[in-house]
Amino acid sequence: MSYGEWSATWWQWLLAIPTGPGNDPNPQDQSSGAVDCSLNQSGPVWFLAGSGSGATVARTCSGNISSTTALFLPLINVECSTQDQPPFHCTDAASCRQCAASFANYIGPTTLHLSIDGVEVLNGAQGFRAQSPLFGFTTPKNYNILGSAGGSGMSVSDGYWAMLRPLSPGRHTIRFGGALVRGPYPGFTQDATFNVTVSQ
């Protein structure tokens, strides 16, 4: 799968998880501290979520991640959909692509960072930006991160992503993020740290 296709799958995973009263926080809304990184995860690739609020977060995965599991994560990204409110609302494939691209263009490539155990692993931003195909998704009724009534929708994502090969057994610290440097939300920053334990 391409980064664009993986980004669609990442958003489908994130949007399907409820949040709000009676639910645990959606992975994007989780604050610092212990979190269940295995939530709705399966297969050879697991997803890590950033912070939807722009807050700096430091999370510790409460369980282990397998040494055969790759990790896919957003340095910083945006999605536009038929369930979003303006200015992220779109109505069809063309308008969703245009909306997502216009906001992703506000990301400052020089603000992107990704480190493992304190070692920066990005070698420039080229190649990390990807736009998803138009994809379908389902959000829980009422209690979802879009604040919509829930149900089926269509979306396009655009932004910067990274796929980490499986990590060696032991404890690791992953930090990633980036920032919008212009447009209607200049200064919006993502800065997420995950402390993970990788099993044999």
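Net charge in the neighbourhood of G20 (other residues with Cβ under 15 Å of its Cβ; Lys, Arg +1, Asp, Glu -1) is -1.
Rounded to the nearest 20, the Cβ-based charge dipole of the chain about its Cα centre (Lys and Arg +1, Asp and Glu -1) stands at 160 debye. The residue among L48, T193, P87 whose Cα reaches farthest toward the positive pole of the charge dipole of the chain, with charges on the beta-carbon of Lys, Arg, Asp and Glu, is T193.
Quick note on region 125-200: its Rg to Rh ratio, both from C-alpha atoms and Rh being the Kirkwood radius, is 1.05. The modelled label-to-label distance between L39 and T9, using points 7 Å beyond Cα along the C-beta direction, is 2.0 nm. Maximal additional length on extending the Y143-D92 stretch stands at 15.9 nm, based on 0.36 nm per residue less the C-alpha distance.
Which Cα, out of G178, S102, G150, lies furthest along the positive dipole direction of region 73-198 (beta carbon charges, K/R +1, D/E -1)? Toward the positive end, the furthest listed residue is G178. How many percent of the alpha carbon pairs in region 45-143 exceed a separation of 23 Å? Tail of P(r) above 23 Å: 40 percent of Cα pairs. What net charge do the residues around M163 carry, taking every other residue with its C-beta under 14 Å from that of M163, with Lys and Arg at +1 and Asp and Glu at -1? Counting the neighbours of M163, the net charge comes to +1. What number comes out for the charge environment of N77, summing +1 per Lys or Arg and -1 per Asp or Glu over other residues with Cβ under 11 Å away? Cβ neighbours under 11 Å give a net charge of -1. Helical runs (DSSP H, four residues minimum) scored at -39500 (n - 2.57) apiece and divided by the length of the chain put the mean residue ellipticity at 222 nm at -4000 deg cm²/dmol.
For region 1-100, the convex hull drawn through the C-alpha positions has a volume of 125 cubic angstrom per residue. Along the chain, counting only trypsin sites (Lys or Arg not before Pro) with a DSSP assignment other than H, G, I, E or B and at most 16 other Cβ atoms inside a 10 Å radius, the longest segment between sites is 1-140.
I want to make sure I understand the PRE zone here: with the label point 7 angstrom from the Cα of S66 toward its beta carbon, which residues in region 1-45 have backbone N atoms less than 14 Å away? Those under the cut-off are 38, 41-45.
Each reported figure results from applying straightforward, stated rules to the coordinates on display, with no laboratory input. Quick caveat, the model's predicted, so the values are computed rather than measured. Quick reminder, even Gly has a Cβ in these numbers, built from the backbone with ideal geometry, and neighbours come from all protein chains shown.
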